[in-house]
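J.: The structure follows.
The values are calculated or read from the model by the stated rules, or taken from the named source; none is laboratory data. Treat the numbers as computed from the prediction; the structure is a model and nothing was measured. Because the Cβ atoms are built from the backbone with ideal geometry, glycine has one as well, and the counts that use them run over all protein chains shown.
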There are 2 protein chains.
Amino acid sequence: MNLYLLCGLVGVFALIFALVLGKGINSKSAGNERMKELAGYIQDGAMAFLKREYFYLAIFVGAVCVLILLTLGWQTAIAFVVGAIFSIFAGYFGMRIATSANVRTAEAARHGQKGALEIAFSGGAVMGMSVVGLGILGVSILYTAFDYNVVYLTGFGLGASSIALFARVGGGIYTKAADVGADLVGKVEAGIPEDDPRNPAVIADNVGDNVGDVAGMGADLFESYVGSLISAITLGTAAMAAGIESLNDKAAIFFPFLLLAAGIVASVVGILIARKSKADNPQKALDSGTYIGGIIVIIISAVLSKMLFGGFTAFIAVLVGLVVGMLIGKITEIYTSADYKHVTNIAEQSQTGAATNIISGLAVGMKSTMIPIILIAIGVLVSFYVMGGNTNATFGLYGIALSAIGMLSITGLTVAVDAYGPIADNAGGIAEMAGLPKEVRQITDKLDSVGNTTAAIGKGFAIGSAALTSLALFAAFAQAAKITNIDLLEPITLVGLLIGAMLPFIFGALTMESVSKAANEMIEEVRRQFKTIPGIMEGKGKPDYAKCVDISTTAALKEMMLPGIIAIVSPIGIGLLLGAEALGGFLGGAVASGVLVAIFMANSGGAWDNAKKYIELGNFGGKGSETHKAGVVGDTVGDPFKDTSGPSMNILIKLMTIVSLVFAPLIAEYGGILLNLIK
Amino acid sequence: MNLYLLCGLVGVFALIFALVLGKGINSKSAGNERMKELAGYIQDGAMAFLKREYFYLAIFVGAVCVLILLTLGWQTAIAFVVGAIFSIFAGYFGMRIATSANVRTAEAARHGQKGALEIAFSGGAVMGMSVVGLGILGVSILYTAFDYNVVYLTGFGLGASSIALFARVGGGIYTKAADVGADLVGKVEAGIPEDDPRNPAVIADNVGDNVGDVAGMGADLFESYVGSLISAITLGTAAMAAGIESLNDKAAIFFPFLLLAAGIVASVVGILIARKSKADNPQKALDSGTYIGGIIVIIISAVLSKMLFGGFTAFIAVLVGLVVGMLIGKITEIYTSADYKHVTNIAEQSQTGAATNIISGLAVGMKSTMIPIILIAIGVLVSFYVMGGNTNATFGLYGIALSAIGMLSITGLTVAVDAYGPIADNAGGIAEMAGLPKEVRQITDKLDSVGNTTAAIGKGFAIGSAALTSLALFAAFAQAAKITNIDLLEPITLVGLLIGAMLPFIFGALTMESVSKAANEMIEEVRRQFKTIPGIMEGKGKPDYAKCVDISTTAALKEMMLPGIIAIVSPIGIGLLLGAEALGGFLGGAVASGVLVAIFMANSGGAWDNAKKYIELGNFGGKGSETHKAGVVGDTVGDPFKDTSGPSMNILIKLMTIVSLVFAPLIAEYGGILLNLIK
């Protein structure tokens, strides 16, 4: 048994912990018959989506597997399939438990907030532990099995990325189509409240929370997690070959493995503390867990740094990543929470109508890019130079990978806190649909509102980690493609940069349009049901929930094809046609523009959402006023911004860099066909 | 007399031609007393804006001049001041004539379309000829005076760029504040028609057309014009030193000068043809002039290429630029004209409300970035490799500069066609305000609608030329800063790239917010006047036009400060703190992201505008319907998109590259202070 497999065992420990948590949740009461029935619809809908998705995934994974077999060999192909399967498992576990925890949270809320918080958060923790457990387990097994050859490992990352694409983009389209459809016809046209069981799209809407916010987010961070580990191993191998100073001849590989394993332990401690917190305020409970988890990781990383490298430079690189991640989360909150002036300004601007609401929301999102970018820049520079990038660039690039590892070390906790939100949201939906007493809904609403803040922070964190992971993967790609220079003065690099920077805009347009198309279908179906099902408005006729679930599912799966193909084909195409250096420019452009568009769209959307809620609290006229109507317009535009297009950018930049990394040997050998013709 | 001064003489010829056209316009009747009065208000307002602007400009130019004197020497300082003054002159002449041609176009329209078209187009031609005449004259005189030392010439470009910043950003804020203010209170709240003389903001609105669309556009293209010439001289000098193959030892400098001189002659021919065209359709008249002008330039450039270089490679580089410019214009039309599905789709989506209108408009803008970027990429690659960039990179970079020259060779015509639109628009406004017969307004409306299409194409052209000019200036910067490599694998370059790519987002947010702020002030003032001036609604009380003009003026001048400072300080700051290579990455990121944001915003805005007009033609419910209201929301959001923030990006990327070029010697010597500390 080597050290990597020991770390893998920690992953197994995380999975066992998830299992225990899951059993604990399932042992709780699922409430009365009506609640069980409704929860059953949601779970069935979620599983129906997954089943259909797996069908397409099987075809996709099969096709890419053949492509890899033909071009790169069986080892990478196996790693790819394992990566895909592990990511699927993580999503499956998370969804399974989330759709079981939702109704039990509602039931527990009948007896008070504490029990409800515990179940909802445990549900999120299952997702978090599945992500990190499967992540470190998969990498450690494959790394050992392939005799410590990191090249094959990249296939694992590609597998994870591919599933993340389907989960994030498909999930994002699913959830927003259902949400917009349910709101527009139900709330606006028919005048019935949110989560009303008479609304045919209401189940699809609740399924969407799980599909998009639980499974999508989980797959996204699973990708970042394994991506950062793989890039750290790649760059660590190079750093050791270049003679990085250390006390152990495998220090540069041991360090990230041990750190992530320590992060899992720290996350478990944090989760236990948050679950058992006596704080009345759920936010405080979650915060206390996160802080303690973070502190544990920081201490362990300092110890590990001293033990393996004989100093604290590696520790500083890790610390910088962790701090940058947390600060980006905080900045996200400042730009998207009604406690700060940006959001209240949007609400104020809504008084002059929808147009001024839109303009100010767009402006807030655009402005909000500044500090995160500067933070990422500082993170890159500090981690590069502290590790000695000045002496040898390879050392510095390894430092950047370490800062990504630092940011992602407490992924288990981050995902737990994040996935807790949609579970609480679902619990509220079930409480409403099942007609539970008002006090129950108040408790779930309180949990949900905390969840909204954590979700915003989680989104910022996801973007930050995607940026650092992509940059680390980018450096790893250059290593693998054997290019030592990506010169912007070469027009071919510049052309790559322009095209790469363009792709996030195209991706944003495609995903927004997909949501529109899917939402339109949903709107028509809901209208049709209201018209044709007798007694539906009186609560006598039963709405056809399954039909709406089916529309969201079909639309999501259909619409994610084109963006998916673009994300995979374009880096390979650029590399083969214009060469590795153009591909380097392309990735640089794509990462820069992708991070910006991601922050812009996610924060605009979050700010609009909370501006509307701020108006609903009675400000500037309150609910039903013209100001509120303007606020609703912004919120509706913001839905695909923050839950579909924005988060999809994370996947886009990571997927394109890892595709480049996997196919780097091929591009190094055959790349630049068109360029050679021009020349 | 050298060849450059001869080319400068062609510039004098252009100015004389402008003078003759201007005299011709002024000799026409300015209509009845009421028309003269109204036109007087507009002209006074425009001149008041210019006067106030000049005051700030004087301070600004003085301050930068001192900075240059202290750091770079008196020659660059003089060139800077001359560049600023020449740009100011061009704007002044153009505005002066535009505000004189508007009322005469209205008067001529009483007697038929042909005369009206001739005056409006002649007015635009004065602006076009002023731009190219002063541009080539200034560069040729300074180049000769400084004994053919191109380094000092960059100051001229910086002067032009600085004024363009004020004209484009300030003008954009001015025109949209007035437009939104006039529309929102006048049309929506008070229910009076557009261009109604009872509306206090109506004069400011008409002034805005001149300030933004005539002077702003003119300064923008003046900057591109001289910027492309200066970069061609810089890179041509380097190419000759590197031994580019030619039949004349100054071929690489002679060629761009002669080509632009030929372009002026071709533009004059094109203008004369368009003016005297017998076509009933004004679009055809303008097109015929443009095509013939283009063909003349193409033929001459082939001849010059053969004469100076002994072959057609330089010709191909020029041709590629010209074709790319025209195609980008055409693509812009496809994405923003109601003759194509993108715009009608937006109109269709407006049926489900403002939110879907906004989402589809944003998606159209984002999608529309693809083809222009690919066209620019093709232009860069073809012009680089055809000139032998493969053998020697310097030759290839010179080729890129030539393609920018090619695109800008018929600037005289492009500006003429472009500035014609706002003159026709103004004429319609005056006709409406003066109560002229309906037939007059129909004619000006027809001229105006053609102007809208040409404006969209002109915007595409301005973006394309800004992109190519910036890339050429970027290459010139690298030469001047003596860097031979801008390596994206260096984290410092990557950090520069991220920060550079971020700036257009910040710039976009700031300019949008400025429009909002200024428009809000305008709205309050118009409301106040409606409330407090007795008899204003009955047409008896006289609105205080001057007050509204003053609000727009003050707001525009105040709000352009911060964006202006950012654009000038940030490249110098990055260069001094992080070094020339980081600045290179910064410029690469800024140009890529700036071009994308520019296309996105300009085309979203244009598409929303025409979607609204398409609905007003009676589609999907027509005027007054809910669909129309949704369309108005999109149009209002689109106003700052297409007329303020979008076009400001052109300035931003050119200004930042030329600032870097001018201060390159300083940065090469002292740059990287912070970086050296970190290391």
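J.: Could you tell me which numbered condition B:T484 fails, if it satisfies all but one of (1) surrounded by 22 or more Cβ atoms within 10 Å (Cβ to Cβ); (2) at pLDDT below 95; (3) not basic (K, R)?
T.: (1)
J.: Select from region A:514-539 the residues that are in a helix (DSSP H, G or I) and of a type in the set (D, E, K, R) and write down the one among them that is farthest from the other protein chains (Cβ to nearest Cβ).
T.: First, pick out the residues of region A:514-539 that are in a helix (DSSP H, G or I): A:514-532.
Still in the list and also of a type in the set (D, E, K, R): A:517, A:521, A:524-525, A:527-528, A:531.
Values: A:K517: 10, A:E521: 12, A:E524: 11, A:E525: 14, A:R527: 11, A:R528: 16, A:K531: 17 Å.
For region A:514-539, the residue satisfying everything is A:K531.
J.: Consider region A:514-532. How many of its residues are free of Cβ contacts under 8 Å to residues at least 12 places away in the same chain and over 33 Å from the mean Cα position of the chain (by Cα)?
T.: Residues in region A:514-532 being free of Cβ contacts under 8 Å to residues at least 12 places away in the same chain and over 33 Å from the mean Cα position of the chain (by Cα): 3 in total.
J.: Could I ask something else about it? Mind listing just one residue for me: the one in region B:503-513 that is facing another protein chain (nearest Cβ under 7 Å) and modelled with pLDDT of 95 or more and, of those, surrounded by the fewest Cβ atoms within 10 Å (Cβ to Cβ)?
T.: B:I506
J.: Still on this structure, I have one more. Out of A:G428, A:G421, A:G451, I need the residue that is at pLDDT 90 or above and of a type outside the set (F, W, Y). Which one?
T.: That would be A:G428, the only listed residue that is at pLDDT 90 or above and of a type outside the set (F, W, Y).
J.: Just to be sure, is B:L258 buried (at least 24 other Cβ atoms within 10 Å of the Cβ), closer than 23 Å to B:A302 by Cα and in contact with a Leu (Cβ under 8 Å, 6 or more places away or on another chain)?
T.: No; evaluated as a whole, the condition is false for this residue.
J.: Of the residues B:A355, B:A363, which is buried (at least 24 other Cβ atoms within 10 Å of the Cβ), at pLDDT 95 or above and of a type outside the set (F, W, Y)?
T.: Just one listed residue meets the conditions, B:A363.
J.: Please name all residue pairs, on different chains or six or more residues apart, with Cβ atoms under 7 Å, provided the first residue is in region A:608-632 and is under 19 Å from B:T356 (Cβ atoms) and buried (at least 24 other Cβ atoms within 10 Å of the Cβ) and the second residue is at pLDDT 90 or above and among the acidic types (D, E).
T.: A:W608/A:D635; A:D609/A:D635; A:K612/A:D635
J.: Output the residues belonging to region B:586-613 that are among the polar types (S, T, N, Q) and either at the interface with another protein chain (Cβ under 9 Å from one of its Cβ atoms) or in contact with a strand residue (DSSP E or B) (Cβ under 9 Å, 6 or more places away or on another chain) (or both).
T.: Matches in region B:586-613: B:S593 only.
J.: Let me ask you something else. Would you be able to say whether some residue in region A:660-672 is outside any helix (DSSP H, G or I), among the small types (G, A, S) and within 13 Å of another protein chain (Cβ to nearest Cβ)?
T.: Here is the first cut: in region A:660-672, the ones outside any helix (DSSP H, G or I) are A:663, A:671-672.
Among the residues that remain, those that are also among the small types (G, A, S) are: A:671-672.
Narrowing the set further to residues that are within 13 Å of another protein chain (Cβ to nearest Cβ) leaves A:672.
Yes, region A:660-672 contains at least one residue that is outside any helix (DSSP H, G or I), among the small types (G, A, S) and within 13 Å of another protein chain (Cβ to nearest Cβ).
J.: Anything in region A:358-371 that is within 9 Å of another protein chain (Cβ to nearest Cβ) and assigned to a helix (DSSP H, G or I)? List them, or say none.
T.: Answer for region A:358-371, where residues must be within 9 Å of another protein chain (Cβ to nearest Cβ) and assigned to a helix (DSSP H, G or I): A:I358, A:I359, A:S360, A:L362, A:A363, A:V364, A:G365, A:M366, A:K367, A:M370.
J.: A follow-up question, please. Among the numbered conditions (1) over 30 Å from B:D448 (Cβ atoms); (2) in a helix (DSSP H, G or I), tell me where B:A555 comes up short.
T.: (1)
J.: Check whether at least one residue in region A:540-548 is of a type in the set (G, A, S) and either part of a loop (DSSP other than H, G, I, E, B) or touching a Cys at 6+ places or on another chain (Cβ under 7 Å) (or both), and report yes or no. Can you show your working first?
T.: Narrowing region A:540-548 to residues of a type in the set (G, A, S): A:541, A:546.
Adding the requirement that they be either part of a loop (DSSP other than H, G, I, E, B) or touching a Cys at 6+ places or on another chain (Cβ under 7 Å) (or both) leaves A:541.
For region A:540-548, residues of a type in the set (G, A, S) and either part of a loop (DSSP other than H, G, I, E, B) or touching a Cys at 6+ places or on another chain (Cβ under 7 Å) (or both): present.
J.: Let me ask you something else. Go through region B:618-641 and give me each residue that's away from chain A (no Cβ under 13 Å) and either within 29 Å of the chain's Cα centre (by Cα) or polar (S, T, N, Q) (or both).
T.: Within region B:618-641, B:N619, B:S625, B:T627 meet the criteria.
J.: Right, next: Can you list residue pairs whose Cβ atoms sit under 7 Å apart, with the first residue in region B:574-594 being at positive phi and the second being surrounded by 24 or more Cβ atoms within 10 Å (Cβ to Cβ)? Count only pairs 6 or more apart in sequence or on different chains.
T.: Short answer, once both residue conditions are applied: B:G579/B:I492; B:G579/B:G671.
J.: Out of the residues in region B:332-346 that are within 14 Å of chain A (Cβ to nearest Cβ) and crowded, with 22+ Cβ neighbours inside 10 Å, state the one that is nearest to A:S516 (Cα to Cα).
T.: Per the stated criteria, the residue is B:I346.
J.: Sticking with this structure for a sec: May I ask you to verify whether B:E107 is more than 14 Å from chain A (Cβ to nearest Cβ), of a type in the set (D, E, K, R) and farther than 22 Å from B:A455 by Cα?
T.: It is true that B:E107 is more than 14 Å from chain A (Cβ to nearest Cβ), of a type in the set (D, E, K, R) and farther than 22 Å from B:A455 by Cα.
J.: Quick one: how many residues across region A:119-152 are surrounded by fewer than 24 Cβ atoms within 10 Å (Cβ to Cβ) and not aliphatic (A, V, I, L, M)?
T.: The number of residues fulfilling the criteria is 6.
J.: Additional query: In region A:311-325, which residues are surrounded by fewer than 24 Cβ atoms within 10 Å (Cβ to Cβ) and of a type in the set (F, W, Y)?
T.: Scanning region A:311-325 gives a single hit, A:F312.
J.: Next question. When you scan region A:372-393, how many residues do you find that are more than 10 Å from chain B (Cβ to nearest Cβ), more than 29 Å from the chain's Cα centre (by Cα) and either more than 13 Å from A:I316 (Cα to Cα) or outside any loop (DSSP other than H, G, I, E, B) (or both)?
T.: Looking only at that region, the number is 1.
J.: Criterion first (within 20 Å of the chain's Cα centre (by Cα), of a type in the set (S, T, Y) and away from every other protein chain (no Cβ under 14 Å)) does A:T411 satisfy it?
T.: yes
J.: Additional query: What pairs come out if I take residues in region B:476-502 that are more than 7 Å from chain A (Cβ to nearest Cβ) and assigned to a helix (DSSP H, G or I) and pair them with residues that are surrounded by 24 or more Cβ atoms within 10 Å (Cβ to Cβ) and among the basic types (K, R) whose C-beta lies under 7 Å away, six or more apart or interchain?
T.: none
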